[in-house]
Amino acid sequence: MEAEERFLGLDIGGTKCAVVLGDAQGRVLGKQAFATGEAPGWKGMLELLLEAAERLQRDEGRRARCVGISCGGPLDSRRGVLFAPPNLPGWENAPLCAHVQGRLGLACYLQNDANACALAEWRYGAGKGCRHMAFLTFGTGLGAGLILNGALYEGASGMAGELGHLRLDGKGPVGYNKAGSFEGFCSGGGLAKLAGLRLGQELSAKELVERADAGDAAAAGVLRESASRLGQGLSLLVDLINPERIVIGSVYARAERWFRQEALRVMREECLAESLAAVELLPSALGEGIGDVAALAVAVDGWRRAHG
């Protein structure tokens, strides 16, 4: 892949959407962002993004090879269709890729945001150079993207990696519509509910960490419980797919000091020794800009798969 090749990425979220122009090394060379409600419906929002994409290409003086879209699901990556995303009302059954291809005349590839972030961390971040990696979002919810044998693994119907749906306990905070789920214990939304159960008051992950940092033992206890459940869930993952690296973003990456040691303690008790010895547990290396790079990574990965 030549250094001067350019790619477009669309990062679509419930609060903001962005279009980025970048290269095959994941470098963002141009960007424009919009509030998601700035235009009506998915067609109106895409029109804003695609007009910006055309401007970015003109400013750069070269045409992009293809377009990658990173978006919260549920979606069908093979058909390029977004189904009924809870944070994007009015975007039901939106044929995103067909619309982009018709408008720009460029091939378009779609992935859910967890898979897109997994591709980004694998190509350009903490997973670079390995062949077997899992990325966990640990954001508002808990999703995962799996890189197995040097390629994104999507499963039979594109639903691989929905770790948040695993039940870790018969009781506990509700996440992914299931009490005691991995997402219920290990996500921003789950932490707020866990604080409600343990402290009688829902607190955000940020508030819990701030209180724990200030010496609040009760807040620290909530984080420790989440960290223990993280170790439990990761132990299942380690024994199942035997990865080289597990990369975790968002809440974990910002507050690793409250999660890492307790999670590893549980993993030492639960994992097969040989599998545990083979894996590294790492925070996301791409930080708050991961969404931009993730959309580019979807484009680069799609182009590589299509052209060898």
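Enumerate the strands (runs of 3 or more DSSP E) found wholly within the stretch 16-120, keeping only those where 2 or more residues are crowded, with 16+ Cβ neighbours inside 10 Å and in contact with a Gly (Cβ under 7 Å, 6 or more places away or on another chain). Break it down into steps so the answer makes sense when it comes.
Numbers: elements: 16-23, 28-35, 66-71, 107-112.
Once the strands (runs of 3 or more DSSP E) in the stretch 16-120 are filtered for at least 2 residues that are crowded, with 16+ Cβ neighbours inside 10 Å and in contact with a Gly (Cβ under 7 Å, 6 or more places away or on another chain), what remains is 16-23, 66-71, 107-112.
Which residue is farthest from HIS99 (Cα to Cα), if the candidates are limited to the stretch 1-11 and must be in contact with a helix residue (DSSP H, G or I) (Cβ under 8 Å, 6 or more places away or on another chain) and either outside any loop (DSSP other than H, G, I, E, B) or among the acidic types (Asp, Glu) (or both)? Write out each step before concluding.
Initially, the stretch 1-11 is screened for residues in contact with a helix residue (DSSP H, G or I) (Cβ under 8 Å, 6 or more places away or on another chain), giving 1, 6-11.
Next cut, either outside any loop (DSSP other than H, G, I, E, B) or among the acidic types (Asp, Glu) (or both) only: 6-11.
Numbers: ARG6: 20, PHE7: 17, LEU8: 15, GLY9: 15, LEU10: 13, ASP11: 16 Å.
The residue in question is ARG6.
Suppose we filter the stretch 183-201 for residues that are without any contact (Cβ under 8 Å) to a residue 40 or more places away in the chain and hydrophobic (A, V, I, L, M, F, W, C); how many remain? Break it down into steps so the answer makes sense when it comes.
Filtering the stretch 183-201 for residues without any contact (Cβ under 8 Å) to a residue 40 or more places away in the chain gives 184, 192-201.
Add one more test, that the residue is hydrophobic (A, V, I, L, M, F, W, C), and what stays is 192, 194-195, 197, 199.
Selection size over the stretch 183-201: 5.
Within the stretch 210-221, identify whether any single residue is under 23 Å from the mean Cα position of the chain (by Cα) and not hydroxyl-bearing (Ser, Thr, Tyr), and answer yes or no.
From the stretch 210-221, those under 23 Å from the mean Cα position of the chain (by Cα) are none; that's our starting set.
No, the conditions are met nowhere in the stretch 210-221.
Give the number of residues within the stretch 260-304 that are within 30 Å of LEU96 (Cα to Cα) and part of a helix (DSSP H, G or I). Walk me through it before giving the result.
Start the filter on the stretch 260-304 by keeping residues that are within 30 Å of LEU96 (Cα to Cα), which leaves 284-304.
Of the ones still in play, those that are also part of a helix (DSSP H, G or I) are 287-304.
Going through the stretch 260-304 one residue at a time, the tally reaches 18.
Checking ALA94 against (1) modelled with pLDDT under 95; (2) among the hydrophobic types (A, V, I, L, M, F, W, C); (3) over 28 Å from LEU237 (Cβ atoms), only one condition comes out false. Which one?
Condition (1) is where ALA94 drops out.
Of the residues ALA278, ALA294, only one is of a type in the set (Gly, Ala, Ser), closer than 29 Å to HIS132 by Cβ and surrounded by fewer than 16 Cβ atoms within 10 Å (Cβ to Cβ); which? I'd like the intermediate steps shown before the answer.
Details: ALA294 fails: surrounded by fewer than 16 Cβ atoms within 10 Å (Cβ to Cβ).
Sole residue among the options that is of a type in the set (Gly, Ala, Ser), closer than 29 Å to HIS132 by Cβ and surrounded by fewer than 16 Cβ atoms within 10 Å (Cβ to Cβ): ALA278.
What number of residues within the stretch 137-157 are under 16 Å from the mean Cα position of the chain (by Cα), in a loop (DSSP other than H, G, I, E, B) and of a type in the set (Gly, Ala, Ser)?
3
How many residues does the stretch 238-259 hold that are part of a helix (DSSP H, G or I) and acidic (Asp, Glu)?
Number satisfying all stated conditions: 2.
Is it true that ALA134 is at pLDDT 95 or above, over 18 Å from VAL20 (Cα atoms), in a strand (DSSP E or B) and not charged (D, E, K, R)? Let's see the steps before the verdict.
Working: at pLDDT 95 or above: yes; over 18 Å from VAL20 (Cα atoms): yes; in a strand (DSSP E or B): yes; not charged (D, E, K, R): yes.
So ALA134 fits the description; yes.
The values are calculated or read from the model by the stated rules, or taken from the named source; none is laboratory data. The shown structure was predicted, so the numbers you read here are calculated from the model rather than taken from an experiment. When we count neighbours, we look across all protein chains shown, and the Cβ atoms used for this are built from the backbone with ideal geometry, even at glycine.
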